[in-house]
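Report on one structure; see the data block that follows.
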Amino acid sequence: MRLLIVILFLTVFLSCSDKKKEEKSAIENFDKIDNIQKELKLDKSNLSVKKVELPFDLEQKDKLANLNEEEYLKTYPKLKDSKLLEIKKIISESSDGDNADEIFQINNGGLTFDSFVYCTYGDSDSQTLINVKNNKIIAKEAIGYAMPDNETYQSFVINKDLTIDVYDVNYNSRSKKILERHQIKQDGFIVKVK
């Protein structure tokens, strides 16, 4: 009889031990699944924001917009939906109340901040480059400006090496003259180099 009680006790004890191992394994699996789902959500949000590959040439952007809308939208994707609203809010709160009409996120090579060009349209048109980190503008530079009454307007090219060439362009002849050059630094600051 004692032997039967010992066997019964061991059977119950071992089965409880196995259930605890199964429960622990199930909890670990749920944690793994939860982590994978979080990573997928992060990846999905990053994939939904398409960036403009450099060089970003304002003159080419405008030409392409008039010639081939499909190619234009693929080459110069604008921010949309929640990301657009998020960046518009940052701009309006941090940039003297600017109201961006279009915003493009540029591929800055994976630096620790995001780079955007925003455009405002009205009596005059302007383009501004901003770098954003932790929902704050860490650097800002006006890089384009057009006023129809003037003989010239400012245009720009953001190059692959993160230099920005700002040009003065004659409305009639389309001749260009470089006005200044800026550089986006690794820390997000934008400095004038010429």
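The values are calculated or read from the model by the stated rules, or taken from the named source; none is laboratory data. Treat the numbers as computed from the prediction; the structure is a model and nothing was measured. Counting neighbours? That spans all protein chains shown, and the Cβs are built from the backbone with ideal geometry, glycine included. Just the protein is used for accessible areas: all its heavy atoms, side chains included, with ligands, DNA and RNA removed. Shrake-Rupley method; radii C 1.70, N 1.55, O 1.52, S 1.80 Å.
Only residues that are at positive phi and in a helix (DSSP H, G or I) were counted in segment 62-98, giving 1.
If we keep just the residues of segment 81-104 that are free of Cβ contacts under 8 Å to residues at least 12 places away in the same chain and among the hydroxyl-bearing types (S, T, Y), which is surrounded by the most Cβ atoms within 10 Å (Cβ to Cβ)? The qualifying residue surrounded by the most Cβ atoms within 10 Å (Cβ to Cβ) is S92. Summed over segment 108-136, residues that are open to solvent by less than 50 Å² (accessible area, probe 1.4 Å) and in a loop (DSSP other than H, G, I, E, B) total 4.
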